[in-house]
Amino acid sequence: MSLPSRSIQRPVAVSMLFAAVTFLGLISVTRLPVDLLPDISYPRLVIYTQYPDMAPAEVEQQVTRPIENAAGQGVQRLERIESISR
């Protein structure tokens, strides 16, 4: 016998099978985690240095630039280096 003819002969079994699949689908949808705003963290390296009683220009020349050069040498595909000297 073919599937359509068996389905016509046993409508209750087909209805129960359809109800079971629908019920399991609803349970699956309610337990499915949905995160509309996923946590995205971009790779970033931050180095803070303190050098009291120095002018910003001196801090940039004596501290910031050597650190930038040392940190940037071992990094591949480096797009940008930013620094603030205060």
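The values are calculated or read from the model by the stated rules, or taken from the named source; none is laboratory data. Computed from a predicted model, the values in this text were never measured in an experiment. For neighbour counting, all protein chains shown are included, and Cβ atoms are generated from backbone atoms with ideal geometry for every residue, glycine included. The protein model used for the area step is the full one, side chains on, heavy atoms only, and it has no ligands, DNA or RNA in it. Shrake-Rupley method; radii C 1.70, N 1.55, O 1.52, S 1.80 Å.
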In segment 40-58, residues that are open to solvent by 80 Å² or more (accessible area, probe 1.4 Å) and of a type in the set (Gly, Ala, Ser) total 1
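Which one of LEU17, LEU24 is surrounded by 10 or more Cβ atoms within 10 Å (Cβ to Cβ) and within 38 Å of the chain's Cα centre (by Cα)?
On the way: LEU17 fails: within 38 Å of the chain's Cα centre (by Cα).
The match here is LEU24.
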Over segment 59-85, the set of residues part of a loop (DSSP other than H, G, I, E, B) and surrounded by fewer than 11 Cβ atoms within 10 Å (Cβ to Cβ) is GLY74, GLN76, ARG77, GLU79, ARG80, GLU82, ILE84
With the first residue restricted to segment 46-72 and required to be farther than 14 Å from ILE84 by Cα, and the second required to be among the aliphatic types (A, V, I, L, M) and open to solvent by 50 Å² or more (accessible area, probe 1.4 Å), Cβ contacts under 7 Å at 6 or more apart or on different chains are ALA71/LEU45; ALA71/ILE47; GLY72/LEU78; GLY72/ILE81
